[in-house]
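Please treat every number below as a calculation from the coordinates, not as lab data. Everything numeric here is computed off the predicted structure, so don't read it as measured data. Counting neighbours? That spans all protein chains shown, and the Cβs are built from the backbone with ideal geometry, glycine included.
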Amino acid sequence: MCDWDGIIVNAQSEEIVEATPQVVLLGLAMPVGGSGLDIAFTENLRGYEQEAVLPEQLIEIAGRTCYKTHDRITKESASQFVKTRILDSGHASVLEHSLAIFRITGGSRSFTHQLVRHRLMGISQESQRYCDEGSFRVIIPPSIKNNILALALYKFNLQICKAVYKKLIDILGKKYKEDARFVLPNAVESEIVISPNFRELRHIFELRCDSHAQWEIRNIALQMLGIMKQVAPTVFGDFIIDTEKGCAYQIPLTCEKAISIIRGFATKPARDRRLCCIEPDYIKALQHLTLCPNSDCKEAAEHIIFDIGRLN
Ligand SMILES: Cc1cc2nc3c(=O)[nH]c(=O)nc-3n(C[C@H](O)[C@H](O)[C@H](O)COP(=O)(O)OP(=O)(O)OC[C@H]3O[C@@H](n4cnc5c(N)ncnc54)[C@H](O)[C@@H]3O)c2cc1C
C-alpha cells in the first residue's frame, strides 16, 4: 500500500519558488574581417566595428550582393539600405542572414510549448529526461496570484506534484526521471535557448507581441523585442512597444515610404485623387501617419495635406 499520508505530509513541507522571466541575448550574427571582399569595401567597414548596428551591416553586405554595390557602404548606409531595399521593397529573405541567440529562463513549460511551434529556428531546451526536476521553480499566472483561494489551491497542487515526483524517483530510481516527469505540471520553469533569424523574429513579434497573444509568451516576446530594437533599430523599428498596454503594434511602411506615397497622391489631379483613396498603399500610408510616433513624419505629411487643401 502507498503511504498517502506520508506523501501529503511531505508535500506540505515542499517549498514553491516562483521564477521570474529573464531574456539574455547570447549572440548575434555580424560581419567579421577577412571576408575576401574587395579592398574598398573592407576599408569602408574599418573603424566602426563596435557600433551597435553591426547586424544590420551584415544584412547590407549580403543584400548589396544582388546589385554589386558594396562600394556604396558607408558608416551610415546600413539603416537606409535596410529601410529602402528590404523593408519597403518587401525583400524579407535578406533578413535571414542575421540571427540572434537568446537564452530564456523563468518561462513555464507551457510558454516553451508555444514558442517551439515556431519552426524556423534552432532550439535547445532543458531536458526533463536528464535533469532532476525535484526542486523545480514555477510560474504563477497573475489571475491566480491575485486570488487567495486560487493561489492556495495552485500551490497545494504544485506541492503534491513535487512530492509525488520525488517519491516516484525514490521508488523507481534516478534513471526513471524520464517517467517521473509525467507528473510535472505546465507551471514548471523550463530553460530554453533559441536562434531565430531576423525574418523569423519579426514573424514571432508580429504574432506574440500582439495584444491577443497569451500573456506569458507576450511578456517574454516583448523583452526580446526591446533588446532587438537596440541592436538592430531599423530592422525592428516598425514595432512600437506600448508599455501601458503590455503589447506591441506594427506600423506599416517606413516614414520615407509613407511620405513619398502621400506626396505622390498630392501631385495627382483632384479627380484621380478620389480613386487613389482606395489604393492599399495609400491606406497603409494613412495608417502609418496615424500610428507613427515620429513627429517629423507627421509634420511633413501635414505640410503636404495643407498644400493639397490650398490647391483645391
Ligand atoms: C494567438 C495565437 C493563438 C494560437 N492558438 C493555437 C491553438 O489553439 N492551437 C494550436 O495548435 N496552435 C495555436 N497557435 C500556434 C499557431 O497555430 C502556429 O503554430 C504558431 O503561431 C507558429 O506560427 P507559424 O506556423 O506561422 O510560424 P513559424 O513556424 O514560425 O513559420 C514562419 C512562417 O514560415 C512559413 N512556413 C513555416 N513552415 C512552413 C511549411 N512547412 N510550409 C509552408 N510554409 C511554412 C509560414 O509562412 C510561416 O508563417 C496559436 C498562435 C497564436 C499567435
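Here are some notes:
- Per-pair calculated FRET efficiency, R0 = 22 Å: residue 176 and residue 12 via Cβ, rounded to 0.05: 0.30
- Coil-residue trypsin sites (Lys or Arg not before Pro) of the stretch 91-126, DSSP, other Cβ within 10 Å capped at 13: 117, 119
- Going from the residue with the fewest nearby Cβ atoms within 10 Å to the one with the most, 69, 234, 254 rank 69, 234, 254.
- Overall form of the stretch 141-197: oblate. Here a/c, set by the Cα gyration tensor axes a ≥ b ≥ c, is 1.5 or more, and a/b is not larger than b/c.
- Total formal charge among the other residues, if their Cβ is under 15 angstrom from that of residue 209, Lys/Arg +1 and Asp/Glu -1: -2
- Seen from residue 64, the other residues with C-beta closer than 11 Å to its C-beta sum to a net charge of +1, counting Lys and Arg as +1 and Asp and Glu as -1.
- Using a Förster distance of 35 Å, the FRET efficiency for residue 245-residue 5 (Cβ separation, nearest 0.05): 0.10
- Computed from the Cβ-Cβ distance with R0 of 35 Å, the FRET efficiency linking residue 93 to residue 183 stands at 0.20.
- Going from the residue with the fewest nearby Cβ atoms within 10 Å to the one with the most, 193, 116 rank 116, 193.
- Neighbour count of at most 12 Cβ within 10 Å plus DSSP loop: longest chymotrypsin sites (Phe, Trp or Tyr not before Pro)-free window in the chain: 131-312
- Measuring against 28 Å, Cα to Cα, the residue pairs 245/298; 145/229; 229/268; 75/257 contain 145/229; 229/268 as the ones spanning a longer distance.
- Reciprocal mean inverse distance between Cα atoms of the chain - Kirkwood radius, Å: 23.1 Å
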